[in-house]
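The values are calculated or read from the model by the stated rules, or taken from the named source; none is laboratory data. Just so we're clear, the structure is a prediction, and the values are computed from it rather than from any experiment. Cβ: placed from backbone, ideal geometry, glycine included. Neighbour counts: every protein chain shown.
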Amino acid sequence: MEGGESEAVFAAFNLNPQRFINEVLNAVDDMLDGAFDFFLQQATVITGGGTERTEELARGVSSLRHLTQAVLDKRMAIWEKYCLRHCFAVPEGFVLPKAKESSGDSLSIQKGLSDPELDAQLESLRENLAAAGKKSAELHEEMTLLEKQSTLSCSYDASVADALQLFEENPVHDMFQEIGKTALELHHKMVQVKMKRWEDMEQARVAKIHNSSREQPMLHDTGISARLEDIEEVLSILRSK
């Protein structure tokens, strides 16, 4: 497409390729000027302020500047032509959209952006995200509470274990075991005494029915002597403990 038509197309989109190229060229020139100005300042420092040597270095820097500027101008001119012919060239057959079509497209775009179904989906996603965040906070609180409970439980178990260890190491534990053993022996002996008394009473009752009155005191005396013997045996168990 010819230059005039290309410029019209770019102007329709508020674009100016030539202005962009000119700004790039000016920026390159500024960089080149700044670089060689710095070289001239360093030349004065290197020569120590001597007039002859400073002038010689200045002439050398100026020659290099002109040589560099000439080469750079050629390169930048080639770059400018390339940009205008290829980078900023409008394809053949390109037609600008009409105003009505443009407005219609913008309306369709706005309609697409304001789709109620899409808005509802976005709102649902926001609500789900908020609910998930709330649930995550609740789970975090529960985990913190469980960690505290676990710490307290471990501390309690450790305290109980320490108390049991102290109790087992204490000689009082042996004394309680001995008392328990003695109590079992006494209980067993008391059961035997009770059974023996019941047998004596049964024998006395039978003897009272079937035997004469002369034999009853003898059986009665036997029961009393048996009980005294049992009592003495219980006392001997207690003394031995």
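Values as computed for the structure displayed
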| item | result |
| --- | --- |
| Residues of region 16-73 classified as part of a helix (DSSP H, G or I) and either under 30 Å from Ser6 (Cβ atoms) or aliphatic (A, V, I, L, M) (or both), total | 30 |
| Extreme residue, nearest to the chain's Cα centre (by Cα), among residues of region 102-140 that are modelled with pLDDT under 55 and surrounded by fewer than 10 Cβ atoms within 10 Å (Cβ to Cβ) | Leu113 |
| Neighbours by Cβ (under 7 Å, 6+ apart or cross-chain): first from region 73-96, closer than 20 Å to Ala12 by Cβ; second β-branched (Val, Ile, Thr) | Cys83/Ile21; Val90/Val9; Phe94/Val9; Leu96/Val9 |
